[in-house]
Amino acid sequence: MEAKGRRAGVNANKWIDISQPLDERTAGWPGDTPFVYERAWRKEDTGSVNVGRIRMSLHTGTHIDAPYHFDDAGAKAIDLELDVYLGEAVVVHVPGARAIGIGDLSGAELGQAARLLLRTDAWPDRRAFPAWIPPVEPELAAYLAVRGVRLLGLDLPSVDPLDSKELPAHHALAAHGIHILEGLVLDHVEPGRYELAALPLPLALADGSPTRAALRKLV
Ligand SMILES: Nc1ccccc1C(=O)C[C@H](N)C(=O)O
Ligand SMILES: [Zn+2]
Ligand SMILES: [Zn+2]
């Protein structure tokens, strides 16, 4: 007989939410479409149900970038391989970095994980868009690709400087087959090995997708 608390769904090793809540106060990219939820139909009126609709930039809160975001010939959200967004991930703490490069990861245990999540702590107040973020150095892409990394996630709204037009890190990562997950919440996550789930929506034409990202400690 299974011990109490060990049944499926009541496991002590719970999934941890690492997503930003989406509401009117979520800090979007300056000038981009703000998040709005509204009830298209109200239960008072329909007699049966509330039916909501949302309007938002796909790059709001916790989201993935489809390559089409920065490459007109790039893959759309629906085309992205599910395996990239499900599986073992390593969380590495890189606090206080001016930029995130190979040197910041040399001491880290990347192990066999194909997914690397960087906890920078550089966006402490997520209700306001940051004035500055530490960018990912494009040279990191080749270093990670050699180690088998296929997804780079971080607790920042971009992997490039906020005013960048060339987006060197986005392009370098894509050129090395590394997908991008932005806007994570990792304040409460200790470095280590986890299982990650962060699937994009099957948006057929889209340049990105919001995602509900979650981690579970690997034991
Ligand atoms: N929403 C925008 C509007 C204008 C210019 C850039 C963005 C971005 O979102 C860039 C960011 N590096 C991103 O991939 O999420
Ligand atoms: Zn994005
Ligand atoms: Zn991006």
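Values in this text are rule-based calculations from the coordinates and carry no lab data. Given the structure is predicted, the values throughout are model-derived calculations rather than measurements. So basically every Cβ, Gly included, is an ideal-geometry build from the backbone, and we count neighbours across all protein chains shown.
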Residue 93 paired with residue 36, simple spin-label distance in nm, labels 7 Å along Cα-to-beta-carbon: 4.2 nm
Under 19 Å from residue 165, Cα to Cα: aspartates and glutamates that are on another chain or at least 8 residues apart: 32, 65, 71, 72, 137, 139, 182, 207
Neighbour-count order for 217, 43, fewest beta carbons within 10 angstrom listed first: 43, 217
Rounded to whole Hz, the Karplus (6.51, -1.76, 1.60) HN-Hα couplings of the stretch 106-114, x for glycine and proline: 4, x, 7, 8, 7, x, 9, 5, 8
Å³ per residue enclosed by the Cα convex hull of the stretch 12-98: 234 Å³
Label-point separation, residue 112 to residue 79 (7 Å along Cα→Cβ), nm: 3.1 nm
Average Cα contact separation per residue, the stretch 120-192, under 8 Å, 6 or more apart, as relative contact order %: 37 percent
Relative contact order of the stretch 154-219, defined on C-alpha pairs under 8 angstrom at six or more residues apart (%): 28 percent
5 angstrom amide H check on residue 16, placed H, neighbours 5+ away: 215, 216
Estimated 222 nm signal from helices in the chain, with DSSP H stretches of n ≥ 4 weighted -39500 (n - 2.57), rounded to 500: -2500 deg cm²/dmol
Kirkwood hydrodynamic radius of the chain, from inverse mean 1/r over distinct Cα pairs, in Å: 18.3 Å
Cα principal axis extents for the stretch 36-83, largest first, Å: 46, 21, 19
Gyration tensor (alpha-carbon) shape descriptor, the stretch 67-153, a/c threshold 1.5: oblate
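Pull out a ≥ b ≥ c, the square roots of the eigenvalues of the alpha-carbon gyration tensor of the stretch 124-219, then state rounded if a/c is under 1.5, prolate if not and a/b is larger than b/c, and oblate in the remaining case.
rounded
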Label-point separation, residue 121 to residue 205 (7 Å along Cα→Cβ), nm: 4.4 nm
Fully extended contour minus Cα-Cα distance, from residue 163 to residue 175, at 0.36 nm per residue: 2.2 nm
Residue-wise HN-Hα coupling along the stretch 41-49, computed from phi with Karplus coefficients 6.51, -1.76, 1.60 (Hz; x: Gly, Pro): 10, 10, 4, 4, 8, 7, x, 9, 9
Cα gyration tensor shape of the stretch 154-208, rounded if a/c is under 1.5, else prolate or oblate by comparing a/b with b/c: oblate
Contour minus Cα-Cα distance for residue 53 and residue 187 (0.36 nm per residue): 45.2 nm
Contact order relative to length of the chain, as percent, for alpha carbon pairs under 8 angstrom and 6 or more apart: 29 percent
